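The values are calculated or read from the model by the stated rules, or taken from the named source; none is laboratory data. Owing to the predicted nature of the structure, the values given are computational and were not obtained by experimental measurement. Note that we place each Cβ from the backbone using ideal geometry, even for glycine, and neighbour counts take in every protein chain shown. The area values use the complete protein model at the heavy-atom level, side chains included, leaving out ligands, DNA and RNA. Shrake-Rupley method; radii C 1.70, N 1.55, O 1.52, S 1.80 Å.
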Amino acid sequence: MDLNTRAVHVANPPFEAGSWPLSVPLVQSSAFAFSSADELAEAMAGPDGRYVYSRRGNPTVRALEQTLAGLEGGAGAIAFASGMGAVSGVLLALLKPGDRVVAQRCLYGGTYAVLSDLAARYGVHVTYVSGDDVAEFEEAARHPATRLLVLETVANPTGQVADLPGLLAAARRTGVVSVVDNSLASPVLCRPIELGADVVVHSTTKYLSGHSDVLGGAAVFADDALRRTVWPRTVELGACADPFAAWLTLRGIPTLPLRMREHCLNAVVLAERLAARAEAGGDVRAVHYPMLPGHPSYATARKVLSGGGGLLSFELAGGREAGRAFVERVRVARLALSLGGVESLVTHPASTSHRELDADALAAAGIAPGLVRMSVGIEAVEDLWADLEQALD
């Protein structure tokens, strides 16, 4: 079935013989009772048996996992307490001291921080590559200890689109497990497993839930054997999804295709108008949106994505102080760290999400001091443009 249909008909177990509730029930219980010790022991054998304790599995959480696996085209999924819980859980489960990781240079600041911590504390070597050069990856992956390739479908905040077809095929050839963060694209715009990814991670806080009221994450696996390898370690880590957060995410998913359509339509209008302002000279120096013909990832984006997404960024001529001043002057958009909700948000990455990067690392990631990131919501686009204009003026 089409993704629009699958998003509406989320995984929903039968309530009783012959009937289904239209809304997935919220099962808030932390534990489940048994009539015999043998039944309880048997239920604890794996990830897909009867429910024992909600850190190990919960009916509402499992409905979310099955829904996400279906949307991404995966064999199974694990839900986490946050997007960073999903990233950390997968990396900690698949890496050991001495292993090597090849990662895209322009990564979300939290992912960069986890990789840096793994390198400093556990002896995991990390090599950073551009994300659009297959030969560069193959050279970096020559070392026999290379275990993982870490990519983002759309990089935060520059909008760089990774060459997923080329890089994922190269990872398969070299026996390297590939992990792709698909939070900014969502399954509506890209499904990396269909392009060869082994693991897809999400911050379900973002577009999947879409209403700025959920903290959650997920990992979707192309191979169920890999999910079963990761699952026990995530149980030990304790980064499990909360049933109520899972239920709220399931409420948001049916409207995901509709919301993504509006995010994309609004974002491309704003990006084009900001780009025209940049061409005229003055306050805007550059605009970063993958569906703009001048963007470095434009050709790749047309190949990988079905839309540009709701995230754009632009550089202001006044540098850091101009960026900070701008985000304080918007009125319709709000100054907040997150993204992917129905409302528009702005932030200044150099002093917030990527504050842990020094000047050299910021420059290498393409993040200018005056860069403003905007998560474009679903408001009327003319109201959003008027807001940007008055803040720029």
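Remark: residue 6 falls outside the filter, which requires a residue to be more than 30 Å from residue 119 (Cβ to Cβ) and crowded, with 20+ Cβ neighbours inside 10 Å.
Scanning the range 16-68 for residues that are modelled with pLDDT of 90 or more, in a loop (DSSP other than H, G, I, E, B) and loosely packed, with under 12 Cβ neighbours inside 10 Å gives 30, 33, 35, 36. The C-beta contact set for the range 187-206 (first residue in contact (Cβ under 8 Å) with a residue 24 or more places away in the chain and under 14 Å from residue 226 (Cα atoms), second residue part of a loop (DSSP other than H, G, I, E, B) and open to solvent by 10 Å² or more (accessible area, probe 1.4 Å), distance under 6 angstrom, 6+ apart or interchain) comprises 193/73; 193/74; 193/222; 198/222.
Exactly one residue among 144, 157 is on the phi < 0 side of the Ramachandran plot, assigned to a loop (DSSP other than H, G, I, E, B) and open to solvent by 20 Å² or more (accessible area, probe 1.4 Å), and that residue is 144. What's the number of the only condition in (1) surrounded by fewer than 22 Cβ atoms within 10 Å (Cβ to Cβ); (2) modelled with pLDDT of 95 or more that residue 282 fails to meet? Of the numbered conditions (1) surrounded by fewer than 22 Cβ atoms within 10 Å (Cβ to Cβ); (2) modelled with pLDDT of 95 or more, the odd one out for residue 282 is (2). Within the range 126-159, how many residues turn out to be under 22 Å from residue 219 (Cβ atoms), in contact with a Pro (Cβ under 7 Å, 6 or more places away or on another chain) and at pLDDT below 95? So the count comes out to 0.
Applying the criterion of being part of a loop (DSSP other than H, G, I, E, B) and not aromatic (Phe, Trp, Tyr) to the residues of the range 5-15, the residue that is nearest to residue 77 (Cα to Cα) is 11. A count restricted to the range 369-392 and to residues that are open to solvent by 10 Å² or more (accessible area, probe 1.4 Å) and of a type in the set (Val, Ile, Thr) stands at 2. Tallying residues that are free of Cβ contacts under 8 Å to residues at least 60 places away in the same chain, in a loop (DSSP other than H, G, I, E, B) and either under 19 Å from residue 202 (Cα atoms) or open to solvent by 60 Å² or more (accessible area, probe 1.4 Å) (or both) within the range 98-130 yields 0. Within the range 286-333, the residues that satisfy the criterion of being of a type in the set (D, E, K, R) and crowded, with 17+ Cβ neighbours inside 10 Å are 315, 324. Evaluation of residue 287 against the conditions (1) among the β-branched types (Val, Ile, Thr); (2) closer than 30 Å to residue 60 by Cβ; (3) touching a Lys or Arg at 6+ places or on another chain (Cβ under 9 Å) shows that the sole unmet condition is (2).
Here is a yes/no grid of residues against (1) without any contact (Cβ under 8 Å) to a residue 60 or more places away in the chain; (2) touching a Gly at 6+ places or on another chain (Cβ under 6 Å); (3) within 30 Å of residue 134 (Cα to Cα):
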| position | (1), (2), (3) |
| --- | --- |
| 292 | yes, no, yes |
| 304 | no, no, yes |
| 322 | yes, yes, no |
| 328 | yes, no, no |
| 338 | no, no, no |
